[in-house]
Each structure stands twice: as structure tokens, then as C-alpha cells.
1. State, to one decimal in nm and shortest first, how far the label point of residue B:427 sits from each corresponding label point in the other identical copies (label point: 7 angstrom along Cα-to-Cβ).
2. List the distances, in nm to one decimal, from the label point of residue A:122 to the label points of the same position in every other copy, shortest first, placing each label point 7 Å from Cα along the Cα-to-Cβ direction.
3. For chain A, what does the helix formula give at 222 nm: sum of -39500 (n - 2.57) over DSSP H segments with n ≥ 4, over the residue count, nearest 500 deg cm²/dmol?
4. Find the centroid of the Cα atoms in segment B:1-80 and in segment A:73-143, then give the distance between the two in whole Å.
5. Using DSSP, restrict attention to beta bridges with both residues in the protein assembly as shown and report what percent are antiparallel, rounded to the nearest 5.
6. Mind jotting down the distance between the C-alpha centroids of segment A:176-235 and segment B:380-439, whole Å?
7. Just to be sure I understand the curve: with the Debye formula and one point per C-alpha of segment A:1-140, what is log10 I(q)/I(0) at q = 0.13, 0.20 Å⁻¹?
8. Can you give the % of DSSP beta bridges in segment B:1-141 that are antiparallel, to the nearest 5?
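Please treat every number below as a calculation from the coordinates, not as lab data. Note that this is a predicted model, so its numbers are computed, not measured. With ideal geometry, Cβ positions are generated from the backbone for all residues, glycine too; neighbour counts draw on all protein chains shown.
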């Protein structure tokens with residue numbers, strides 16, 4: 001099915017190996033080689049993990065082998081936790097033993113010195129000559145949350161889902177993971193791209209574009225010499241791509257250069273290019289998590305007319321600011337809907353009949369909240385609903401989660417929930433809502449960002465289906 | 001000491017009463033009057049709380065009195081949970097019984113209709129004629145976290161601290177509380193300003209400016225007709241004031257008008273005015289919590305030269321972006337410091353000697369991290385340090401909190417911590433760090449915002465001390 005020379009096919013082989021060897025295993029908890037072994041064996045991966053070290057006998061009660069040649073069966077992925085020079089020798093060893101793919105963890109290449117640039121060329125030449133494809137070097141590696149394979153030196157288990165993430169930085173990649181864990185965002189694949197010596201961002205994007213488990217792609221970017229291919233590939237995937245670009249200022253660029261050996265480009269140039277090519281650009285990792293979460297969970301709206309439902313004005317005002325600043329409008333409800341609202345409320349409603357629909361104190365009662373929500377969501381002027389609710393310790397005023405689910409089902413329109421609440425109260429509601437396709441946020445700014453991402457994706461994917469050139473696309 | 005006609009003195013009387021009456025007590029858990037009683041009795045307030053209702057006998061096993069006149073002792077605050085018309089009668093009752101202050105919860109005034117505008121005038125006339133000062137109407141009320149007095153219908157207990165908050169919106173005021181609880185921000189006083197019929201923002205600001213328990217003031221603003229006095233008072237307080245202004249767009253303005261009956265002004269005009277007058281303006285509630293937290297906990301730097309210490313480049317690049325975009329520079333370390341760093345590292349350091357100082361994998365070891373941090377913090381080119389660390393499940397690589405505290409103490413310079421971590425791991429570290437004056441954040445964007453707030457406050461308060469006109473001030 002796949003062309004074996006296709007980068008995406010090579011990456012599929014790396015992410016779905018049968019068995020894995022770790023070159024540079026260690027029994028010292030302060031060494032990377034120990035921590036990677038903990039990750040490899042602790043993530044649920046079903047294949048065999050073979051630690052390799054010339055002299056060591058055992059790591060964490062696993063037998064250590066002296067070399068790839070000494071293994072009892074073939075492996076199809078080598079994780080190489082050796083220094084920058086030994087890594088090159090290890091690639092040759094992989095080739096001799098028929099190991100098609102490797103993760104090269106070591107730094108010390110173009111990001112450090114002139115000598116490092118030469119060494120990285122040697123690594124690439126070796127990999128290409130030997131036909132061993134490599135992730136890295138200078139990377140944490142990757143996590144495939146589908147088969148439980150974690151090649152990083154961060155042992156952890158993550159919520160499983162359909163969002164995959166590519167990071168130019170290990171630290172910001174970890175930041176993504178931490179934010180994702182905090183809000184229950186399900187991760188499919190996590191990729192530390194490192195120096196991108198063999199695979200570029202475009203290759204990882206192609207791979208994830210074809211990957212059945214990936215619905216949404218996030219990308220943290222500092223800079224690349226291959227920006228043209230990146231944006232062409234990202235914008236043409238039939239999946240939303242959300243990018244967070246850092247390294248915007250001169251001195252930050254300098255830091256980026258020293259980090260992964262690439263020049264971070266002008267932020268403004270990137271911004272314009274992202275928009276033209278149909279890539280969703282965000283301004284922080286929090287916003288990236290917010291956007292990928294809504295794209296992961298919610299269905300896409302048929303249009304951009306947003307109904308705001310609340311029992312407290314402030315959060316709806318904050319959300320309206322963000323929506324209106326992006327050029328979207330809050331539609332008026334139809335006279336028919338307003339008549340129904342008035343009928344429900346009585347002749348002298350204690351609130352103004354409009355959008356945002358703020359039903360004030362009455363909204364604390366779940367059934368009342370649900371009745372008004374239903375009227376708003378079924379209004380033909382409304383394409384999707386953003387629903388606000390404030391947590392109160394009074395058990396008579398629970399979260400209206402079951403009503404949100406009911407109204408989402410009967411209206412067939414996307415619903416985004418914003419519960420003004422300490423996050424401690426949210427996990428139980430999140431299960432109810434997000435299982436039913438309603439992403440939950442704890443503040444109005446994030447809820448509005450979630451809505452904006454859905455509207456953008458609906459427009460972008462529709463344009464792609466119509467075969468429009470991505471450059472013709474009107475973006476946010 | 002205080003002039004009795006001084007709004008600040010009147011507010012002090014309202015926030016520190018001896019005993020409190022609740023007019024409109026209820027035994028129905030769906031009524032506001034029940035929930036306010038829960039709040040009043042559940043917050044730790046030491047005075048007596050008297051529920052009042054003409055017919056009810058008991059609420060939550062407390063005896064209910066038929067009127068203010070029937071109480072066994074004087075009260076000095078009335079919380080009025082009656083409808084908009086009965087509230088006016090209750091103000092007269094307060095005057096007759098010598099109650100000097102009241103919280104008026106009811107909506108239904110200028111925010112709803114023409115008739116409401118007239119009714120609000122009548123309320124104000126009554127209050128002024130009767131010499132009863134009022135918070136509200138159309139408000140959640142207030143929380144004084146110093147004496148445990150919670151007049152809102154949200155029963156809760158909050159972390160106690162030195163940050164006070166004024167909100168034009170109940171919902172966004174709750175959002176502030178929820179975000180504060182999530183990050184352990186200590187609250188002193190929380191004020192729902194409501195329609196500001198009697199006390200304006202400037203009055204609340206004056207009160208908090210004189211309030212010994214308040215070190216930092218946050219303000220959520222949608223719009224006010226009294227903006228000139230607001231900015232004059234806020235900018236002249238010898239405490240930092242952080243404002244989040246919503247209601248920026250036309251339709252959002254419309255929502256704001258219907259909410260608290262005031263016109264939300266042009267965002268750009270407000271922004272410019274805030275800067276000129278020495279008020280710190282932020283773009284989200286999260287950023288307001290971030291800024292007030294750093295101002296609450298950290299000491300102020302002597303200058304704006306920031307040292308970034310890390311063992312992973314990405315987060316320092318993201319933070320550098322935000323700092324450099326605001327015009328600040330990352331100073332070079334002195335040759336003396338660089339020589340010491342090199343001596344510590346050996347002749348061929350595996351990282352570049354610069355600021356950000358990225359010590360790579362070695363930084364996982366707490367003592368090593370602390371040695372480099374000390375060199376950076378004691379460098380005469382550095383006014384304050386932002387220190388990054390990535391959480392790892394390996395117990396050999398704990399957070400370097402004790403080292404951060406040690407270096408902060410010996411250098412005498414402010415330190416801000418950014419731990420890339422799921423928030424679940426942070427409470428224990430927060431205790432160690434924040435007790436010692438080091439605010440802790442979980443992502444680099446927030447950490448940079450925290451640093452920016454400290455630099456701004458240092459400049460602003462220095463200018464005030466020098467007696468500079470606030471309008472001459474150079475702001476962020």
C-alpha cells in the first residue's frame with residue numbers, strides 16, 4: 001500500500017515496530033538511558049524491549065544484551081541513547097542488523113558548533129547510505145499512545161485520543177502534554193522533531209495526515225528552512241492543523257538558533273503565510289490545547305452564527321468580544337423563537353430577549369436552563385451554541401450537563417460548554433459532556449477560542465472539499 | 001481617623017460590621033435568600049447573623065426575626081435580598097433602625113428598562129436622604145476574607161491573602177475566584193460593584209488603597225461614566241492596580257449596557273488611558289490572576305534586566321519572545337560570571353554560555369541546577385531571574401524548589417519559577433516557593449507575564465515615590 005521510500009511509510013514503520021532495542025541502556029537513574037528504558041517498558045507496548053550495553057548485565061531485572069547482533073530476534077526500531085559520535089556508529093550497526101528505523105536522542109550537532117554541523121552531515125550521510133531512517137537527533141523522541149510506545153526519557157501515561165502533536169522543542173512539547181493532561185485532552189501521537197535531519201516537519205505532517213488515529217494535528221514551531229513545504233502540506237491535509245509559532249524576536253531567534261540549529265523566521269511573515277495556506281495559528285500553548293480540544297471533540301458547525309446562552313452576563317460579554325473582534329456576528333433570534341422565550345418566561349420577562357440570551361437567576365435551575373437552551377439551539381438563525389454556567393456549591397443547582405447533551409442531540413448543532421468553576425469540579429462533568437461531543441472549558445476566553453477554531457475548521461475543510469486552492473481561502 | 005463622609009470610611013464600616021441582618025431570608029434552597037444565609041453563616045464571621053422575614057420562623061435552625069426593629073441588638077450592615085421595589089422600603093427601614101450600610105442584591109433597575117432607571121434614581125435618593133450607604137444594586141455583594149464575611153449567594157471559602165478584586169460582573173468575578181483557587185492566589189476582599197449607584201469604582205479603589213490587608217488590586221471593567229476619576233485614583237494609589245477591560249466591541253457593548261446599565265467605552269481609548277495613568281492593563285482573566293499573583297508574592301526588581309535559567313530551550317524562547325516584544329532585553333552575563341560558569345562546566349561546555357543559560361540535561365540534578373542558578377542570580381547585570389524546570393517522574397530529578405529559595409535569599413533578587421508540569425504536581429512546590437516569595441507558574445507565557453508585571457510595578461511605584469506626575473510615566 002505504501003511506497004517504501006515514502007517518508008510517511010518510513011515513519012509508520014518507526015511508530016509501529018514489532019520489537020524495540022535501546023542502545024545505551026543504563027542502570028543509573030540519573031542517566032537518560034535508564035529513564036528511556038523505564039518509559040519503553042512502562043507504557044504498555046506489547047512488543048519486546050531489548051536493552052543493549054556492552055558490559056551491563058541487567059536493567060530493572062531485564063537481561064541486557066551486548067549488541068544488536070546478540071539479540072534473539074530481529075528488532076525494527078532502535079532507540080539510540082549514546083553520545084553524538086557513537087550514535088553514528090550505532091546507525092551503521094542498525095544497517096548491518098537490518099534495523100530500518102532509529103530515534104537519535106543525542107544533542108551535540110549543528111545546534112552547538114561548527115564541528116557539530118559537520119557531524120550532523122556525517123550522521124545524515126550515514127543514515128541515507130545505510131537506509132536507516134531517523135527521528136532526531138537532539139530530540140526527546142516520540143510517544144505513540146495507540147500502541148503504548150514511549151521512547152522519551154519522561155516515563156508517563158497520557159490520556160488516549162485523536163490529537164497528535166509535533167514539537168520543535170522538547171520542553172514545549174512537554175508543556176503541551178502537561179496542559180493536555182490538565183484538561184483531559186486525548187493524545188494519539190507525540191513527536192519531538194529535534195534537528196529534523198532526516199524527516200522534516202512536512203514529513204511528520206504527511207504521516208499524521210494519513211494516520212487513521214489522528215483527527216487533529218498540533219504543531220509547535222520555532223523556525224525551519226523548509227517552511228514552504230511545511231505550509232503546503234499542512235494546508236492541504238484533510239485534517240485541521242493548529243500551529244503555535246515562537247521565536248518571534250531577534251534575541252529569541254538567537255536562542256532558537258542555538259537550540260535546534262535553525263533560523264527562526266519573522267513572525268509576521270509566518271502569520272500571513274499560515275492564514276493564506278489554511279493553517280490555524282494561535283498565540284500560546286494554552287490556546288493550542290484549547291483549539292485542538294474543540295476540534296478533537298466537537299462536530300463542525302454549518303455556519304458561523306453563534307448563539308450565546310447564559311445566566312450571567314459578564315462571561316458572555318468577554319466571549320462576544322473575542323468572537324466579534326474576529327468578524328463574526330451574534331445573530332438575532334427569530335421572532336418565532338423570541339415569542340417562545342417570552343411564552344416560557346411570562347408577560348414581563350426579567351431579562352432582555354436577545355442573543356446573548358441571559359436568563360439570569362432562573363438559569364440556576366437545570367430544567368429551566370435546558371428549556372431556554374433548546375429554544376436557542378433550535379433557532380434557524382443559530383449554527384452553534386456556546387453555553388455558560390456558574391458553579392455554585394448549592395446541590396440544588398447542579399451543572400446542566402445532561403441538558404446540554406440532550407439539546408445537542410436534538411438540535412444536531414455543535415455545543416461548546418463554559419463552566420465558570422474551579423477546575424476541581426470539572427472532571428465528572430467533562431466525562432458526561434466530552435463523551436457526547438461537547439468540549440468543556442472553564443473560562444470564557446478559552447470557550448470563545450474553541451468556537452473560533454471550529455468555525456475556522458468548518459470553512460477550511462469545506463474549501464478543501466470544493467477543491468479551492470488553499471491560497472484563495474478566506475481565513476479568520 | 002476617617003472622615004465619616006469619606007466613601008472609603010463608609011465602605012470600611014460596611015466591610016467590617018459588628019453584626020449583620022439578612023432581609024429576605026428564605027428556607028427554600030432555590031432562593032437567593034437561602035443561599036446568602038448559607039454564605040453569611042458559613043464563612044467564619046464572628047459577629048451575629050440575623051435572618052429577617054415577616055412570617056418565617058427558622059432558617060437552618062437559626063431563629064428568624066420579623067423585622068430590623070425586632071432584633072435583640074443593633075446591626076451595622078443589612079444584606080437586602082428583596083425585589084427591586086421592596087429594597088427601597090428596606091433602605092428606609094435601615095435608616096429608622098440606625099443601620100448605616102447595606103448590600104442591595106436585586107436587579108431590575110437601570111439595566112432592564114426605562115422604569116428601572118427611575119426606580120434606581122429613587123433608590124439612590126432614598127439612600128442619600130436616609131444616609132444609608134449601599135453596595136449595588138444588581139450585585140452578588142462582597143466577600144471580606146479577613147473577617148470571614150461572605151454576603152454573596154455563593155457559599156465558599158477562599159485562600160486568604162493580600163489581593164483584592166473589584167468586578168463589574170458577578171460572573172467574571174466568580175471566574176476570578178475560580179482561577180485564584182486553582183493557582184492558590186490569596187484573596188483579601190472581593191467586591192461585586194453591581195450598578196455602582198452609590199459607590200463608584202473610584203470609591204472602592206480609594207477604600208482598598210487605604211486597606212492594610214490589600215497589597216494588590218485587580219479590577220474587571222466593562223464600562224463606566226466615571227472613567228476619569230477611576231484612572232486618576234487607580235494610578236495614584238501606592239499599590240499596583242491591574243485592570244482587565246471587556247466590552248470592547250459594539251455588540252459586546254450592547255450586552256454590557258443591558259447588564260449593568262453603563263456604556264462600555266472604546267477599548268483603544270481605555271488602553272491608552274490606562275497606560276498613561278499608571279494602571280496595568282491585561283488581556284484576559286488568566287493574565288489578571290497571573291499578574292496579581294506575582295505582585296502579591298514577589299519583591300520588586302531594581303531594574304528590568306532579566307536572567308533566564310533553564311535546562312530546556314523551548315520555554316525560555318517563548319518567554320524571551322514576550323519579554324523582548326515589550327522592549328526589555330536579556331542582558332549578557334559578565335565575563336566574570338561566564339568564567340565561573342565555564343569553570344563549573346569544564347573546558348568544553350556542552351551548551352552555549354549566554355542568557356538564557358540553558359544547562360541542558362545536567363540541570364536535572366538539583367545541586368547542579370542550583371550552582372548555575374546562583375551564578376546567574378548574583379551576576380551584577382541581572383536584576384531578576386526567571387527559572388524553568390521540567391517535571392520528570394524520576395524521583396532522582398525532583399523540582400529544584402529549595403535551591404530557588406536559597407538563591408533568592410542569598411542574591412536578594414526576585415525569582416519567578418516556571419515548572420513545566422501538570423498542575424497536579426504543583427501544590428507541594430507552591431507551598432515551598434510562594435511562602436518564600438517566589439511565585440510559581442506552570443507555563444512560560446504566564447511566567448513571562450508575571451515578570452512583566454513586576455517590572456512595570458517597580459517602575460510605576462518608583463515614579464510615584466519620586467512624585468512624578470503619573471501622566472509623565474513611561475509605561476510598558
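1. Distances to the matching label points in the other copies: 1.1 nm.
2. 9.1
3. Details: 16 runs with 198 residues, N = 476.
Taken over chain A, the calculation gives -13000 deg cm²/dmol.
4. If you average the Cα positions of each part, the centres end up 73 Å apart.
5. Details: 14 of 108 bridges.
Counting only bridges with both partners in the protein assembly as shown, antiparallel ones make up about 15 percent.
6. 30
7. Normalising to I(0) and taking log10 leaves -0.53, -1.23.
8. Details: 2 of 17 bridges.
Taking every DSSP beta bridge within segment B:1-141, about 10 percent pair in antiparallel fashion.
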